[in-house]
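The values are calculated or read from the model by the stated rules, or taken from the named source; none is laboratory data. Bear in mind the structure is a predicted one, so any value in this text is a computation, not a measurement. For neighbour counting, all protein chains shown are included, and Cβ atoms are generated from backbone atoms with ideal geometry for every residue, glycine included.
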């Protein structure tokens, strides 16, 4: 856990303990700390479900730190992986029915498709993977699931979303999480 997050946790707990009367018992102190912990767990659950009504920078920063870790095989350089990124493009392989165990496997599927595409077929140059066990948000009608692997093509790749969804966008779409859950990459060549 990053030092800054540890310091914030310590500061928040100390602030809660200072709210007690000076001669509070050990069990009263434990109760305050336990209530703080339960509140942070509630906030974390809200964040996982879309972040509605959250104002805890501690929970958001912890979630962002955890999101920087991508499970699975290491990604080769040619994958150009970008966390919290969703690129647009024409689907070469429909992700709803194309699942891969890891982002690395998704990238490899894109490389393979591009290498083996028939003349006249679009060659994959963008891969988009859902690493989140709770699924990934997208502004379409589908419910996107863990391990979806979208293989796409675009002559001029452009971003759908990067890093955080804007506050204005989240206000207009209440179920949108704070961070873009997708991992994407552009394959050159």
Discussion item. All but one of (1) surrounded by fewer than 19 Cβ atoms within 10 Å (Cβ to Cβ); (2) under 28 Å from residue 44 (Cβ atoms); (3) modelled with pLDDT of 95 or more hold for residue 154; state the number of the condition that does not hold.
Written reply: (2)
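Table: residues versus (1) surrounded by fewer than 12 Cβ atoms within 10 Å (Cβ to Cβ); (2) at pLDDT 95 or above; (3) not in a loop (DSSP other than H, G, I, E, B).
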residue	(1), (2), (3)
141	yes, no, no
150	no, yes, yes
161	no, no, yes
168	yes, no, yes
171	yes, no, yes
176	no, no, no
184	no, yes, yes
189	yes, no, no
Worksheet item: Does the range 123-137 include one or more residues that are surrounded by fewer than 20 Cβ atoms within 10 Å (Cβ to Cβ) and in a helix (DSSP H, G or I)?
Response: no
Practice prompt. Determine if the range 83-90 includes at least one residue that is at pLDDT 85 or above, in contact with a strand residue (DSSP E or B) (Cβ under 9 Å, 6 or more places away or on another chain), loosely packed, with under 13 Cβ neighbours inside 10 Å and within 30 Å of residue 167 (Cα to Cα).
Written response: yes
Worksheet item: Out of (1) surrounded by fewer than 19 Cβ atoms within 10 Å (Cβ to Cβ); (2) modelled with pLDDT of 95 or more; (3) farther than 21 Å from residue 70 by Cβ, the odd one out for residue 113 is which?
Response: (1)
